[in-house]
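Structure, as structure tokens:
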Amino acid sequence: MTAHTPAPASSGATPAHPAPAPAWLARHEHFLLDLDGTLIRENEPMEGAADLLHRLDGRYVVVSNNSTDTAQGLSRRLARLGLRISPDKLVLAGQLTIDFLASSRPRARLQLLGSIALRRYARRQGCVLVEQSPDLVVLALDKRFTYAKLSAAANAVAGGAELVATNGDLHHPAPGDARVPETGTLLHAVAACAGIAPTLVVGKPENMLFAEGLRRLGARPEDTLVIGDNPATDAQGAARLGMRYLLLGRGPEADSISPAALLALDHAGHVQAPAQAAANLNIA
Ligand SMILES: [Mg+2]
């Protein structure tokens, strides 16, 4: 770093002198950042998140398995938490799933289990949303998921509809050690009842989100570091594409507990994914 710009007031204490760049920051040109458990825990920013974004300004894209928000809505929500991230820097699994289906399956009838915001976005993209006889059952994080929805989705899949999921995460972190049940948990229920595995899971560790993030940055994998908190999605997905990674959190594979601690970590990033990282992704 050749120049230092003071951190924004919302980020807390401003250092009197710029800290030297840690090894991971000096080694990479671009960064793909996870959101939940990396920058926020539900509705709380993690310690040092704003400082990290400030330090990486212009060199990062957020790549998240979030399937409830649109980029516009999420950008506004993050701003209220003191994190200013423009919508073009937010690559989200729910929105990317809809974009993919709108272009690849434009006339398909979709039974979309998801948030009001995602359903509205799908309609705006021209998707045909139905409640019966779908061609595809599309599963996102639906916080109004019910037994009736489970029954309808599982019977549609058992009857021949394709099962598509925005992501396979079982949960994401809330403040403290609480868990927010995620799309993958709902996916297990539908797949178990139907007796059929999904034909497509869009989110990390699959390539689509990372590839879109690299495209927006104009970046090559070898120049890009992934910063996340989930060994099974962030580390596994990064390693598959030849990107180094670092993990936050309290788990045994974590490198730092928070973005603040990461800024002091002198580590170039891992190349190999943890051996047991894929264990919680097996469906069916
Ligand atoms: Mg995460």
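Structure data summary
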{"item": "Complete set of residues in the range 234-264 that are at pLDDT below 95 and touching a strand residue (DSSP E or B) at 6+ places or on another chain (Cβ under 6 Å)", "result": "Glu253"}
{"item": "Test set (1) buried (at least 17 other Cβ atoms within 10 Å of the Cβ); (2) touching an Asp or Glu at 6+ places or on another chain (Cβ under 6 Å) - Asn230 fails condition number", "result": "(2)"}
{"item": "Residue in the range 46-66 that is outside the structural domain of Val180 (by TED's automatic domain parsing), part of a helix (DSSP H, G or I) and closer than 27 Å to Phe100 by Cβ present", "result": "no"}
{"item": "Those residues of the range 38-63 which are at positive phi and either acidic (Asp, Glu) or under 16 Å from the mean Cα position of the chain (by Cα) (or both), in sequence order", "result": "Glu42"}
{"item": "Any chance Leu81 is hydrophobic (A, V, I, L, M, F, W, C) and crowded, with 24+ Cβ neighbours inside 10 Å", "result": "no"}
{"item": "Total residues in the range 243-268, condition surrounded by fewer than 19 Cβ atoms within 10 Å (Cβ to Cβ) and in contact with a His (Cβ under 8 Å, 6 or more places away or on another chain)", "result": "1"}
{"item": "Flag for Ala194 being more than 20 Å from Ala71 (Cβ to Cβ), away from the ligand (no atom under 16 Å from the Cβ) and touching a helix residue (DSSP H, G or I) at 6+ places or on another chain (Cβ under 6 Å)", "result": "yes"}
{"item": "Unique residue being free of Cβ contacts under 8 Å to residues at least 60 places away in the same chain and not in a helix (DSSP H, G or I) when the list is Leu141, Leu163", "result": "Leu163"}
{"item": "Identity of the residue in the range 172-187, of a type outside the set (A, V, I, L, M, F, W, C) and buried (at least 16 other Cβ atoms within 10 Å of the Cβ), that ends up nearest to the chain's Cα centre (by Cα)", "result": "His172"}
{"item": "Options Asp223, Asp229: the member that is within 16 Å of the chain's Cα centre (by Cα) and of a type outside the set (Lys, Arg)", "result": "Asp229"}
{"item": "Residue within the range 86-104 that is crowded, with 16+ Cβ neighbours inside 10 Å, within 16 Å of the ligand (Cβ to nearest atom) and more than 12 Å from the chain's Cα centre (by Cα) present", "result": "no"}
{"item": "Close pairs (6 angstrom Cβ cut-off, 6 or more residues apart or separate chains): in contact (Cβ under 8 Å) with a residue 24 or more places away in the chain in the range 218-236, in a helix (DSSP H, G or I) anywhere", "result": "Leu225/Trp24; Val226/Asp234; Val226/Ala238; Gly228/Asp234; Ala232/Asn280; Ala232/Leu281"}
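The values are calculated or read from the model by the stated rules, or taken from the named source; none is laboratory data. Only a predicted model underlies this, so the values are computations on that prediction, with no experimental measurement involved. Heads up, the Cβs are rebuilt from the backbone with ideal geometry, glycines too, and the neighbour counts pull from every protein chain shown.
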